[in-house]
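**Q** Can you read through this structure? Questions will come right after.
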Amino acid sequence: MDFKDDRIIAATPERVWECLLDPSVLKECVPGCQSLTGNVDEGFVATVVQRVGPVKATFKGVVELSELIAPHSLRISGKGEGGVAGFARGGADVTLIADGSGTKLSYSVKAQIGGKLAQLGSRIIDSFVSQMADQFFETFQTQVEGSIPPVDEEPMKKIGLWQRFLSVFKNTSITNSAKRLGR
């Protein structure tokens, strides 16, 4: 199964790259990820719980980042065993290209599933893999964009309810007094 897509992320390629290498960001992005430990150099060990059609499985496996060319491209690959449910393995080639004030993140995903899961049929499996890839990169985009502090924004003045209430009467009484005086 092969899937390709891209998205524009409102961050610099360097920032997107930094988040791609951050284990806490990756853990948040992998749908159903219960744990992710390790590092970029040695790889990560992950536990992921997923339901594919009627089959629910806990996959334990490894995730590796390779072919790193900072901050332009990398390969994410993983494989996991889900007991009697079967196995899953695959990877994504990710490229980052500066695009205006953001970054175009393109990915090409290849996945292979075997065992009981493979018996569900290719339409269900294709749909599931596509959905997983979309979820991962959509969550990744949200994580990256949400971690960027807003630029050139003035902090909004916060006034309490009582101060707002009084300001309404203050403005009204000044206006009414001016009207009474004929001004």
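**Q** Rg and Dmax of the range 2-157 over Cα atoms: what are they, in angstrom?
**A** In order Rg, Dmax, the Cα atoms of the range 2-157 give 16.6, 60 Å.
**Q** So for the pair residue 2, residue 40, with labels modelled 7 Å out along Cα→Cβ, what separation do we get in nm?
**A** Spacing of the two 7 Å Cα→Cβ label points: 2.8 nm.
**Q** In which sequence would 96, 21 go, from the one with the fewest C-beta neighbours within 10 Å to the one with the most?
**A** Lowest to highest Cβ neighbour count: 21, 96.
**Q** Oh, and also: Rounded to the nearest 20 debye, what is the charge dipole size of the range 90-150 about its Cα centre when +1 sits on each Lys and Arg Cβ and -1 on each Asp and Glu Cβ?
**A** Result for the range 90-150 is approximately 280 debye, rounded to the nearest 20.
**Q** Enumerate the amide H contacts of residue 11 below 5 Å, restricted to partners 5 or more residues apart or on another chain; note that Pro and chain-start residues carry no placed amide H.
**A** The list, which skips near neighbours in sequence, is 103.
**Q** For residue 14 and residue 64, compute 0.36 nm times the residue count separating them, minus their Cα-Cα distance, and round to one decimal in nm.
**A** 16.0 nm
Bear in mind these aren't lab numbers, they're just calculated from the coordinates by the rules spelled out. Small disclaimer: the values here were computed from a predicted structure and weren't measured. Ideal geometry is used to build each Cβ from the backbone, glycine not excepted, and the neighbour counts take in all protein chains shown.
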